[in-house]
1. Can you tell me which residue in the range 96-129 is farthest from the chain's Cα centre (by Cα), limited to those that are more than 16 Å from the ligand (Cβ to nearest atom) and in a loop (DSSP other than H, G, I, E, B)?
2. So, ARG528, is that one more than 20 Å from SER357 (Cβ to Cβ) and modelled with pLDDT of 95 or more or not?
3. Determine which member of the set ALA234, ALA266 is away from the ligand (no atom under 16 Å from the Cβ), touching a residue at least 40 places away in the same chain (Cβ under 8 Å), under 28 Å from ALA90 (Cα atoms) and open to solvent by 20 Å² or more (accessible area, probe 1.4 Å).
4. Out of the range 142-161, which residues are open to solvent by 50 Å² or more (accessible area, probe 1.4 Å) and in a loop (DSSP other than H, G, I, E, B)?
5. Can you tell me which residues in the range 475-499 are crowded, with 17+ Cβ neighbours inside 10 Å and assigned to a strand (DSSP E or B)?
6. Condition first: surrounded by fewer than 24 Cβ atoms within 10 Å (Cβ to Cβ) and under 13 Å from the mean Cα position of the chain (by Cα). Now tell me which residues in the range 343-381 satisfy that.
7. Which one is most open to solvent (accessible area, probe 1.4 Å), of the residues in the range 275-324 that are without any contact (Cβ under 8 Å) to a residue 12 or more places away in the chain and within 13 Å of the ligand (Cβ to nearest atom)?
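The values are calculated or read from the model by the stated rules, or taken from the named source; none is laboratory data. Keep in mind the model is a prediction, meaning the values are calculated, not measured. Neighbour counts are summed over all protein chains in view; Cβ atoms, including those assigned to glycine, are modelled from backbone coordinates with ideal geometry. Only protein heavy atoms, including side chains, enter the accessible area calculation; ligands, DNA and RNA are left aside. Shrake-Rupley method; radii C 1.70, N 1.55, O 1.52, S 1.80 Å.
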Amino acid sequence: MPVEQPPWWTRAVVYQVYPRSFMDSDGDGIGDLGGVLLHLDHLADLGVDVLWLSPVYPSPQADNGYDISDYQDIDPLFGSLEQLDELIAALHARGMKLVMDLVVNHTSDQHPWFLESRSSTDNPKRDWYWWRPPREGMAPGDPGAEPTNWQSFFSGPTWELDEASGEYYLHLFDRRQPDLNWENPEVRQAVHAMMRWWLDRGVDGFRMDVINMISKDVGPGGHLHDGPPLAGSALGDGSASYLCGPRIHEFVQEMHREVFAGRDGALLTVGEMPGVTVEQARLFTDPARAEVDMVFQFEHVGLDHGTSKWDIHPLRMRDLKASFGRWQAGLADVGWNSLYWDNHDQPRAVSRFGDDSPRYRRDSATCLATLLHLHRGTPYVYQGEELGMANYPFTSLEEFADVESLNHHVHAVSAGHDPAEVLTALRCMSRDNARTPVQWDASPNAGFTTGTPWLAVHPDHVEWNAEAQRDDEHSVLAHYRRLIALRHTDDVVPLGDFTMLLPDHDEVYAFTRCLDGVELLVVCNLSRTPYRLAELLPEAPAAELLLGNLPDDDPAELRPWEARVLRLP
Ligand code: TEU
């Protein structure tokens, strides 16, 4: 990409709103669009350029809106189309953009398309979804009769039997989220038309949910293949059949042609792609191929996973460096990275990769932020991350709401796992950690709602909240503000070349960024151990401090969780 004319989003920072948990304006305990409108000053004050709004469409809320029953309206739970228009106008008036969530790998099982598809085997929309008879020689409902052995992302088989027709339908996620059949051109056309409708309404792009799963590897006669068996399970790993399947680039290019062509300069498109490799990401984000601007990859948030996300291993610093280093190098000349620690699916980074003890919580949150925001790519800030929000102190199953957590608990316990151990894993990894309400102030419900919040407010909100941090220059919030401003003012931050240093060091993460003779050295101590900086990086102590996360800087020592952005002479 020529450095002279980089796209606008190379300098942008995106803020993700998970509306259910952001701000409730009508007292029903659930966040809504009115709540987003109330807090636009918070975003403007932070300095972000784009708001990515998680789904607000009509939905039975089986997966908090990632199960959509109408793509062209707003769920009354969240507000109205008029409020969405108001949000677009209010953001544009402040120079910000709106990116909507696009969830088109699957719909809700209550979407009219699926209701029709399910109504009979000869319905014109039957083929809009993946219907298959039981495995050969088996009867519907027989154990193991599912058409393939794939395990769902949300536990159990990816197939649900429809008693009426005796056929199964595919759902890579919950059974209430049937997969659309992208092989059918009518499905693709319907999705494209819907996307154009939103763009015409003024939205500025899409975050595309699991978009690398829309092409399935279909054999002759529509056959879908079993995957390799999963350890300790009757099910298999079907991912080879649906991650970046044979027609994925064709489908994404077609979408670009049909929807984005002619308007792509002003838009931002980001494909969420579990399991994507850096080689594939390079193809998806090569501007010459006209697919998407950037992808969300999952490598770094999988480094603490064992056989599954519930099998938790401590993160090894070398693995993190090897992974981020590979992505930085792999997309250096062609393509573009997106950068994130937190989102609505991940436990809170300060608890997971930082140190949320009272002593180090603020320092580790700002250290992690500095590390991420000084990489090359577009950073994403997830609501509450800028306040140092931490994982919730869950103590019982009743406190969880997420379908992934609840399904996992049912399946793991019925498979004989110790319920106490299952709960421990949920406490660390449940997506509900990210979904507790945003902590606006110290009042009883953290200023989130006047009613009863749908998910408990973290008790630490009395200390950790936006109001307490807004005018505190030492706060996590103030540090995010400075990081975002630095990206906007200094070209080397968005555009500079990246070089990893100290690849084998277990606790210190360091790299340089270079552009047109300007060289930044970034050094982050991801531990409680103090280091003599000169022993690690001899050029560091004499360099000019552009931004640090600890006050009263002693140039010679890198204190626990200290991060520095230095300009080399
Ligand atoms: O997530 C895709 C995905 O594969 C994972 O992030 C998944 O949610 C889970 O965390 C695996 O452990 C997207 C959305 O971000 C997520 O909220 C939805 O539940 C999912 O797709 C289905 O739409």
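1. Filtering first and then ranking leaves ASP122.
2. Working: more than 20 Å from SER357 (Cβ to Cβ): no; modelled with pLDDT of 95 or more: yes.
In short, no.
3. The unique qualifying residue is ALA266.
4. Here is the first cut: in the range 142-161, the residues open to solvent by 50 Å² or more (accessible area, probe 1.4 Å) are 142-143, 151, 153, 160.
Correct list: ASP142, PRO143, PHE153.
5. Listed by number, the list holds a single entry, PHE498.
6. The answer is ASN343, HIS344, ASP345, GLN346.
7. Per the stated criteria, the residue is HIS305.
The rows are residues; the columns are (1) away from the ligand (no atom under 14 Å from the Cβ); (2) closer than 26 Å to ALA425 by Cα; (3) touching a strand residue (DSSP E or B) at 6+ places or on another chain (Cβ under 9 Å).
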{"residue": "TRP327", "(1), (2), (3)": "yes, no, yes"}
{"residue": "ALA332", "(1), (2), (3)": "yes, no, yes"}
{"residue": "TYR340", "(1), (2), (3)": "no, yes, yes"}
{"residue": "HIS344", "(1), (2), (3)": "no, yes, yes"}
{"residue": "PRO358", "(1), (2), (3)": "yes, yes, no"}
{"residue": "LEU387", "(1), (2), (3)": "yes, yes, no"}
{"residue": "VAL410", "(1), (2), (3)": "yes, yes, no"}
